[in-house]
Amino acid sequence: MDSKHWQLTEEDIQVIALQIGRQPRAVLGVACHCPHNYPLVVVSEPVFFNEEKSVREFFPTTYWLSCRRICKQVSRLEGGGLIARLEGLIARNLYLREMLEEAHSSYIHQRFGLVGRNLFTLLQEEKNPILDRLLNVGIAGVENFRHLKCLHAHIAQQLAIKNNPIGEMILRLLVAPYCEPNVSNCQSLFAEL
């Protein structure tokens with residue numbers, strides 16, 4: 001994951017706020033854009049300072065799916081029991097299990113790479129429990145790598161860096177994941193500004 005390629009414009013921030021329904025926080029950049037050039041996946045800071053609470057907080061979701069269209073489809077799949085079916089497949093398929101464990105390891109490594117040396121040293125000195133979570137929880141904060149917590153996070157990782165077998169499967173299940181060529185949900189959101 002190369003941060004040199006991330007973009008984050010004021011327009012991106014405005015669109016992300018409309019996509020997710022609130023001001024985004026701890027956004028480092030946009031990992032990828034949709035064919036209409038609107039944010040699709042956002043890269044989030046794994047450890048940020050919550051000014052309201054005056055504490056550091058851990059945010060396990062490095063790749064955040066911001067596209068409303070895809071989010072709605074993935075939510076419907078989750079609501080239809082896809083997580084349980086995929087967990088059953090993971091339990092039965094050693095190859096899938098190994099690929100998923102590799103995706104979790106990659107995610108942890110990439111998330112850790114976003115924490116600067118100074119912050120890492122500070123967390124160590126403080127014996128902050130965030131450090132343990134930072135180094136040990138997988139995609140979307142899952143602790144048991146054979147279980148799934150949030151399919152949105154898996155598809156976001158797949159869209160951003162192409163190494164998530166669950167995300168790849170979900171992408172194949174989506175019906176027209178992107179908006180039509182001349183019609184964009186985000187364009188209509190942005191027109192409201």
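The values are calculated or read from the model by the stated rules, or taken from the named source; none is laboratory data. Source: prediction; values computed, not measured. Glycine also receives a Cβ, built like all others from the backbone with ideal geometry; neighbour counts cover every protein chain displayed. Note: accessible area is taken over every heavy atom of the protein model, side chains too, but ligands, DNA and RNA are not part of it. Shrake-Rupley method; radii C 1.70, N 1.55, O 1.52, S 1.80 Å.
A few notes on this one:
- Taking amide H as placed 1.01 Å from N in the peptide plane, the amide H of C32 sits under 5 Å from that of L40, V41, each at least 5 places away or on another chain.
- Across all directions, the shadow cast by the convex hull of the range 1-96 built on its C-alpha atoms averages 8.7 square nanometres.
- Stretch gain in nm, segment T9-E52, where the contour uses 0.36 nm per residue and the Cα spacing is subtracted: 13.0 nm
- Table column - 3J(HN,Hα) (Hz), the range 129-135, Karplus curve with 6.51, -1.76, 1.60, x for Gly and Pro: x, 4, 4, 4, 5, 4, 8
- Of the residues Y38, C186, Y95, the one whose Cα sits farthest toward the positive end of the charge dipole of the chain, with +1 on the Cβ of Lys and Arg and -1 on the Cβ of Asp and Glu, is Y95.
- For the range 1-126, the solvent-accessible area with a 1.4 angstrom probe is 55 square angstrom per residue.
- Size of electric dipole in the range 28-107: Cβ of Lys, Arg +1 and of Asp, Glu -1, about Cα centre, debye, nearest 20: 440 debye
- Taking a point 7 Å out from the Cα of H147 in the direction of its Cβ, the residues of the range 88-107 whose backbone N falls within less than 17 Å of it are 88-92, 101, 104.
- Between T121 and N163, the simple label model (points 7 Å from Cα in the Cβ direction) yields a spacing of 2.8 nm.
- In a reduced charge model with +1 at each Lys and Arg Cβ and -1 at each Asp and Glu Cβ, the chain shows a dipole moment near 480 debye about its Cα centre.
- Whole-Hz ³J(HN,Hα) from phi, Karplus 6.51 cos²θ - 1.76 cosθ + 1.60, for the range 93-98, glycine and proline x: 10, 4, 4, 4, 4, 5
- Backbone HN-Hα couplings from phi across the range 145-153 [Karplus 6.51/-1.76/1.60, Hz, Gly and Pro as x]: 5, 9, 10, 10, 10, 8, 5, 4, 5
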